[in-house]
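All remarks here apply to the structure that follows.
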Amino acid sequence: MTDHEIIQLFKDGQQDKAFNGIVASYSERLYWHVRHFVCSHEDTNDLLQDIFLKVWNSLPGFRGESSLYTWLYRIATNETLNHLRKQKIRSALQFESLSSEMDRRIDEDPFFNGDSLQRELSKAVAKLPDKQRTVFILRYFEEASYEEISEILGTSVGALKASYHFAAEKVKAELQKNTGSY
């Protein structure tokens, strides 16, 4: 189902069908988007439920000023970053670094099916500051254009290009440090 068809269903008063179309069209994409941030299958599934609940509650307010895609990704990104902020607070209260917690999750994740280089890439991305991580994930993994990322994050294209460049350099340095190659 296309975004246009989903929006038309909603405008025609078929909110349930529109929402089901969103879930069918975006579940997998949003799963992987969130998963790149939280590095845990269980946390990702929990967050997806929260994200789709927020989408359901916010759908009546969708005015179509942005594309459905960027609107959904904005909600998913904000919910995920809020979740990570809460995790940072919990980690600080437990005197444990979130970075080492993320490394542990990546190493112990039974659903991770990548090779060792992909595991190291996930660890390197998890160490990036929130904004750089968000830009890197959207650009590298999601292959979103800078214009789409600009709409999602409300940041200028120039600033996003700089953030991506710095993030890519940090990831490259981390991979070189941990694997001796890149």
Using the heavy atoms of the protein chains and a 1.4 angstrom probe, tell me the accessible area per residue for the stretch 135-180 in square angstrom.
-> 52
Which of the lysines could be linked to K127 by a straight reach, that is with a Cα gap under 20 Å, when you skip same-chain ones fewer than 8 residues away?
-> K86, K88, K161, K170, K172, K177
For the residue pair E147 and R29, what label-to-label distance in nm results when each label sits 7 Å from Cα along the Cα-to-beta-carbon direction?
-> 1.6
For the stretch 123-136, Karplus couplings with θ = phi - 60° (6.51, -1.76, 1.60), whole Hz, Gly/Pro x | 5, 5, 5, 5, 7, 5, x, 3, 5, 5, 4, 4, 5, 4
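The values are calculated or read from the model by the stated rules, or taken from the named source; none is laboratory data. Treat the numbers as computed from the prediction; the structure is a model and nothing was measured. Neighbour counts run over all protein chains shown; Cβ positions are idealised from the backbone, glycine included. These accessible areas exclude ligands, DNA and RNA; they are computed on the full protein's heavy atoms, side chains included. Shrake-Rupley method; radii C 1.70, N 1.55, O 1.52, S 1.80 Å.
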